[in-house]
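The structure appears right after this line, and notes come after that.
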Amino acid sequence: MQRQGSIGGNAAFRVRATGGVLLVAHLALVGWLMLRPLDVPWVMPANLHPLAGIRADLALGWPEAARRIGEGLALLAPLGVLLPMAHGRLAVSRLSSLIRTTAAGALLSVGIALLQTGVPGRVVDVDSLLLNTTGVLLAHAAVVPAGRAWLRRRGEREERDGREGEPVTVHEDRPHQGRTPTIPRVGIAP
């Protein structure tokens, strides 16, 4: 049985399978990048003050700040597209999809930060949580609504083209079954 609002048939399976494979590959890459130990002579202290790291990056100058902030935004940004792709639904509220995907990205970023506490050379940075979550939000808002609209139009066009050449058929082989049977009320026992 097809889920309501999903892409039908083989296309749904292909989109979900591709999204799932790409999601696993991306998470493996992120895990490898963020959870491998660093061989450094000293480590900066943990940054637990929101936006302090971003201000420090901006103090380094625009090219270096753009690189560092861009890295933070881009690390988990593909999740903004891959999570809805792996889910495979077309008829979803834009706001609820955005909130679900952003929350999943934020939780994943928090999980990575918690795992980094046990990795030598890595420290917690609250700004990386903010940048990663913002990257997921921006990628989802930029790509997913337009992609879903395109897929819906494509599905409607294929459905319309498929019906033009077929004659209209009435299913007379199925007799009318009447009303749904109901169970009469039973009184309360004395």
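The values are calculated or read from the model by the stated rules, or taken from the named source; none is laboratory data. Treat the numbers as computed from the prediction; the structure is a model and nothing was measured. Positions of Cβ are backbone-derived with ideal geometry, glycine not excepted, and every protein chain shown enters the neighbour counts.
The table below gives the values:
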read-out: Residue 75 out of contact with any His (no Cβ under 7 Å at 6 or more places or on another chain), modelled with pLDDT of 90 or more and more than 25 Å from residue 120 (Cβ to Cβ); value: no
read-out: Pick from the range 83-136, criterion basic (Lys, Arg) and not in a helix (DSSP H, G or I), ranking: nearest to residue 36 (Cα to Cα); value: 122
read-out: From 74, 103, 17, residue being in contact (Cβ under 8 Å) with a residue 40 or more places away in the chain, surrounded by fewer than 18 Cβ atoms within 10 Å (Cβ to Cβ) and hydrophobic (A, V, I, L, M, F, W, C); value: 74
read-out: Residues located in the range 139-150, provided they are surrounded by 15 or more Cβ atoms within 10 Å (Cβ to Cβ) and aliphatic (A, V, I, L, M); value: 139, 141, 143, 144
read-out: Residue within the range 78-96 that is hydrophobic (A, V, I, L, M, F, W, C) and free of Cβ contacts under 8 Å to residues at least 60 places away in the same chain present; value: yes
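One line per residue, one yes/no per condition, for (1) more than 16 Å from the chain's Cα centre (by Cα); (2) more than 15 Å from residue 27 (Cβ to Cβ):
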site	(1), (2)
98	no, yes
112	yes, no
118	yes, yes
128	yes, yes
132	no, no
